[in-house]
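The values are calculated or read from the model by the stated rules, or taken from the named source; none is laboratory data. Everything quoted here is computed from the prediction, not taken from an experiment. Note that we place each Cβ from the backbone using ideal geometry, even for glycine, and neighbour counts take in every protein chain shown. Quick note on the areas: whole protein, heavy atoms, side chains included, nothing else; ligands and nucleic acids left out. Shrake-Rupley method; radii C 1.70, N 1.55, O 1.52, S 1.80 Å.
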Amino acid sequence: MSDAAIPPALGPDDLGPDTPPVAYEVGGPEGAVAYVTLNRPEYRNAQNSVMTYSLDAAFRKAVEDTSVKVIVLRANGKHFSAGHDIGTPERDFDTYYENAAVLHWDHTDKTGADQRLAREMEVYMGMCRRWRDIPKPLIAQVHGACIAGGLMLAWICDFIVASDDAFFSDPVARMGIPGVEYFAHAYALGTRRAKEILFTGERFTATQAADWGMVNHVVPRDQLETKVNEIAEKAVTMPMQGLFLSKKAVNICEDQMGLRNSMDSVFGWHHFAHSANAEASGGDSLGGMDAKSMKASAGPGSGS
C-alpha cells in the first residue's frame, strides 16, 4: 500500500465536468443525455476504488435525474481503460468504502482469500451487475485501450460504439486466472472467440469486435463523439417506459440463457486461481504479473 493520499470517493453532489477520477455533465436535447467520464488519464483510466465508487455515484445521479433518459460512458485521455488498478501510486486496495452493491463484511480487516473475495464481490462483480441493471440505456464510447477490467465496463453497457483505433484484450490467463471477474466472455464474443482471446491473451481490434458481435459501430476517431450523440439523440425521443422495459426484457433473456449463473460459477474458479497463486508464491495472488507486464502483454500500440 502506497503512502499516497487517497481522496474520498465523490458523492453525487460533488461530481462536475472536471472532477477526477470521474467527471459528470449533461447535454443533448433538453439535457436528456448524461455523460459519465473516466478521468484518470495519467494512469490510462485504471480503476481504483475511488474511481469505482465515484462512478457509482455518477450513475446514481443520472438515474435519479428525471430529465436524463440516456447515459454515455466515456473516458478522458488516450485510452478508455487499462483495467483494474494493480500498481499505481493511488492503488487503494486497503481503503474501506461503504458497500453499495452487496451486503457483505468489510474486507480491510480480513486477510488472504477472505479479503480478496469480500472486496471483489463488491467492487468488481457486484458493481458491474448493479450497473448492468441501470434502468436507462447506457452507451459505451470506447477509444484506445480497453483491457481486462476495461472490458467489464464496456460489457455492462447496452451497446458499444468504438473508434477505429480502439483495441481490446483480456490477458488475465497469463496470471493463471480464467478471465476477469465479470465473466461475460462467451455471451459477448461467442464461445470460440472467447476461448481464442483468453488462450492467446492477444488483443483484438474494434473491427474484429464488430465482426464478432461485441461492438455495434466502428467509426473514425474524430467521428466517435458525433456517432454516439447521434444514437443517444434518437434514443431520447423514445418514452422512458419503452426504453426501460425493452432493456429489462433483453437482460432477462440473457440471464435465462445462463449469464448470471455462469458468472457465479466462474467467479468461484477465479478466486480458486487467486488462492492457488498465493499459496504457490508465498502471497502473490496475481501469478507474478504487475501493471508493467500486463501493459506489455496487451501488445504494441498500447502505450500511455
Practice task
Please give the contour-minus-distance gain from SER293 to ALA5: 0.36 nm per residue of separation, less the Cα-Cα distance, rounded to one decimal in nm.
Solution key: 101.1 nm
Completion exercise
Computed over segment 22-297, protein heavy atoms only, probe 1.4 angstrom, the accessible area per residue in square angstrom equals 43
Completion exercise
With R₀ set to 51 angstrom, the calculated FRET efficiency between the beta-carbons of ALA276 and LYS234, to the nearest 0.05, is 0.60
Fill in the blank from the handout: A 1.4 Å probe over the protein heavy atoms gives the chain a carbon and sulfur accessible-area percentage of 53
Practice task
Could you pull out the pairs from LYS61/LYS136; LYS227/LYS247; LYS69/LYS248; LYS69/LYS234; LYS78/LYS136; LYS136/LYS247 whose alpha carbons sit more than 19 Å apart here?
Solution key: LYS227/LYS247; LYS78/LYS136
Practice task
Can you tell me the order of 164-171, 222-229, 256-263, 209-216 when each peptide is scored by its average per-residue count of other Cβ atoms within 10 angstrom, highest first?
Solution key: 164-171, 209-216, 222-229, 256-263
Exercise for the section: Run the quick spin-label model on ASP109 and THR191: label points 7 Å from Cα toward the beta carbon, then report their separation in nm to one decimal. Expected result: 4.6
Handout entry: Extension reserve of the THR200-VAL250 stretch, reckoned as 0.36 nm per residue once the Cα distance is removed
Key = 14.9 nm
Practice task
Using only Cα positions of the chain, each an equal point scatterer, no hydration layer, compute I(q)/I(0) via Debye at q = 0.07, 0.11, 0.12, 0.14 Å⁻¹ and quote the log10 values to two decimals.
Solution key: -0.24, -0.63, -0.76, -1.07
Exercise for the section: Would you mind pulling out the separation of the Cα centroids of segment 195-262 and segment 46-95, in Å? Expected result: 18
Handout entry: Inter-label distance for ASP133 and ASP222, nm, one decimal - labels placed 7 Å from Cα along Cα-to-Cβ
Key = 4.4
Handout entry: Highest average packing first - 86-93, 142-149, 5-12, 43-50, Cβ atoms within 10 Å
Key = 142-149, 43-50, 86-93, 5-12
Exercise for the section: Quick one: go through segment 116-156 and flag any residue whose amide nitrogen is under 20 Å from the point 7 Å out along the Cα-to-Cβ line of THR66. Expected result: 135-137
Exercise for the section: List the relative contact order of the chain as a percent without decimals, with contacts defined as Cα pairs under 8 Å and 6+ residues apart. Expected result: 17
Practice task
Mind pulling the angle between the C-alpha long axis of helix 191-200 and the longest principal axis of the chain? Nearest 10 degrees, somewhere in 0 to 90.
Solution key: 50
